[in-house]
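*Asks:* Please find one structure pasted underneath; my questions will follow.
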Amino acid sequence: MGAKDAVIVGYDVISPLGSDLTCQWQRALKGESGIGRLTRFTLPDGFPVHIAGQVPDIDHEDYPFLSARHQAAWSSPVFKYSMLSVVRALQRSGLTISSDIASRTAVTYSSAIGGLDAVLKADRRLQSENKLPVPYANPNSCINMIGGKIAIETGARGPITSTITACATGLTSMVAGSMFLAQNRADVCICGAVDFALVEPIVAGFYTMNGVYNPREGRENEPPAMASRPFSADRRGFVISEGAGAVIIATREFAEAHGLRYKSELAGWSMTSDAHHFVAPYFETIRDCMAGALDDASLLPQDIDAVNGHAASTRVGDKVEYDALRAIFGDDLPPVCANKSMIGHAMGASSVIETIFTLQGMSEAVLPPTINYAADLEIDIDCVAEGKRVLEQEFVLKNSFGFGGCNVCAVFKRVD
C-alpha cells in the first residue's frame, strides 16, 4: 500500500432507480427495474423507441445552483444533476474544499454526450422562429463546461480535464484522477460522469444503428421492465437511460491526515483501444484490458471475488465480454453482475453508476441480481439471476467498454 494510492472517500448517484442513494441501492437489491415508458419528449407518430430509463426530477432539492435563474441559463440537465451528485458526494466524504486544499483538488468529472439538447433547442429556435441562439447555448453544449461548473461550485483549483471515452467515461474519469494523485499533482479528485441522452435524434440514431432494444414481432407489449436482458438468450439491445454519479478519491496519505474514512481503493486499472471497429467490441483487446487490470493490481484471476460487467444486452457485446472473461478465468469464472438489467444504459454515466453499486456491494458483502435472465447456451455464466446474494468481496473487477473501442477495466479492493 502506497501513500499516493487512490482511496474512495465518498460517492453519490442519481439513476432511473431514484435520486436517493440508499433508496436506489435497496431497490437494486430487490431486483426492481427503473425502466419505463419514454416521456422525456413527445413521441412523434411512428417513432421507433418507446421505453427508457428516466431519472426523477430534482428541482425540489434545496441547493443554490437549482434556482430558477440558474436553471434558465444552464438549461441542460447535465449541469444540475452532475453538481447535485458532487455536492452530495462531498457531504458524504466529510470533506470541505477549503482554500488551503483547493489548488490540490482536481476535477475529472465528464460526460460522453454533454449538453447536445441545448444545441438542438437552439437550432430549432433558429429554424422555426429565425431567432439567434440564447447566450448560454454554446456554453451548455461544451462537455468540459460540466467540470468547469463543478470547479466553480466547489472551489477546486487543481488540474481539470474532461475524459471522454463513450460508455466508459465515468470509469475513465476515476483512472485519470488516480493518475493525478499518483503523480503528486493533486491530493483529491472529483471524478464521475453525467449523461442525458434522451434527445430525439440521439435516441432515433441508436435505433438506426441497431443497438437499442427492439422487441421481437408479437412481443411489442412486453412490460418495459423486462426489456434490458444482459447475457440472456433473448437479449435484444440496450435500453437508453440517463443519470449521474460522483466519486471522490484521495491519496491514502491525505485521507488519513484529514480523518476521512474509506472502505475501498482503486487497486489497479488498464485501458486498451480495440483499433478494430467503431462499435463492435474486439475479443483480444478486451481480454488484454482485463488481464492488464489484474496485473496492475498484482493479482491472479482466482483473487477476484466478483465481476461487475459492462453487459449492455447486445448480441455481440455480451458474447465478446463473456469470451474474454472465460479466457481470463477459465472454469473458475466468478459471479458477474449486470446492473444495466435494472437501470439501462446511461451512456458515459453508466460505468460510474455501476462502480458505485460495486462499492456498495463490497461494503455490505452482497451482490445485487441480474434480472430478466434466460440462460444462453453459448454463455455459461453465473450472473446472480436468483436474487441478491450474500458474498464477501475483497476484490472486484469492473469492466466498461465504449464506442470507438475504448476499453477500461479496474480492480477495486475492500479496505477493512
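*Asks:* Within the stretch 30-43, how many residues turn out to be touching a residue at least 40 places away in the same chain (Cβ under 8 Å) and over 18 Å from the mean Cα position of the chain (by Cα)? Show your work before the answer.
*Replies:* Of the stretch 30-43, the ones touching a residue at least 40 places away in the same chain (Cβ under 8 Å) are 30-38, 40-41.
Still in the list and also over 18 Å from the mean Cα position of the chain (by Cα): 30-32, 36-38, 40-41.
Count: 8.
*Asks:* Is it the case, given these coordinates, that residue 309 is under 15 Å from residue 379 (Cα atoms), of a type outside the set (A, V, I, L, M, F, W, C), at pLDDT 95 or above and crowded, with 23+ Cβ neighbours inside 10 Å? Walk me through it before giving the result.
*Replies:* On the way: under 15 Å from residue 379 (Cα atoms): yes; of a type outside the set (A, V, I, L, M, F, W, C): yes; at pLDDT 95 or above: yes; crowded, with 23+ Cβ neighbours inside 10 Å: yes.
Here the answer is yes, as residue 309 does meet what is asked.
*Asks:* Could you figure out which of (1) buried (at least 24 other Cβ atoms within 10 Å of the Cβ); (2) over 25 Å from residue 182 (Cα atoms); (3) at pLDDT 95 or above; (4) not assigned by TED's automatic domain parsing to the domain that holds residue 180 isn't true of residue 227?
*Replies:* (4)
*Asks:* Could you check, for the stretch 180-188, whether at least one of its residues is under 21 Å from residue 278 (Cα atoms) and modelled with pLDDT of 95 or more?
*Replies:* The answer is no, given that none of the residues of the stretch 180-188 is under 21 Å from residue 278 (Cα atoms) and modelled with pLDDT of 95 or more.
*Asks:* It is to be established whether one or more residues within the stretch 94-105 are assigned to a strand (DSSP E or B), hydroxyl-bearing (Ser, Thr, Tyr) and touching a helix residue (DSSP H, G or I) at 6+ places or on another chain (Cβ under 7 Å).
*Replies:* no
*Asks:* Is it the case that some residue within the stretch 214-227 is over 21 Å from the mean Cα position of the chain (by Cα), among the basic types (Lys, Arg) and outside any loop (DSSP other than H, G, I, E, B)?
*Replies:* No.
*Asks:* Let me ask you something else. Conditions: (1) touching a residue at least 24 places away in the same chain (Cβ under 8 Å); (2) assigned to a loop (DSSP other than H, G, I, E, B); (3) not small (Gly, Ala, Ser). Residue 133 meets all but one. Number of the miss?
*Replies:* For residue 133, the exception is condition (1).
*Asks:* May I ask you to list the residues in the stretch 144-175 that are surrounded by 19 or more Cβ atoms within 10 Å (Cβ to Cβ) and not in a helix (DSSP H, G or I)?
*Replies:* Of everything in the stretch 144-175, those that are surrounded by 19 or more Cβ atoms within 10 Å (Cβ to Cβ) and not in a helix (DSSP H, G or I) turn out to be 156, 158, 159, 160, 162, 163, 164, 165.
*Asks:* Looking only at the stretch 187-197, decide whether some residue is buried (at least 24 other Cβ atoms within 10 Å of the Cβ) and part of a helix (DSSP H, G or I).
*Replies:* Taking every residue of the stretch 187-197 in turn, none turns out to be buried (at least 24 other Cβ atoms within 10 Å of the Cβ) and part of a helix (DSSP H, G or I).
*Asks:* Here is a follow-up. Against the condition part of a helix (DSSP H, G or I), touching a residue at least 24 places away in the same chain (Cβ under 8 Å) and crowded, with 20+ Cβ neighbours inside 10 Å, how does residue 113 come out, does it pass?
*Replies:* No: the conditions fail for residue 113.
The values are calculated or read from the model by the stated rules, or taken from the named source; none is laboratory data. Note that the structure is predicted; figures quoted are calculated from it, not measured. All Cβ positions, glycine included, derive from the backbone under ideal geometry; neighbour counts span all protein chains shown.
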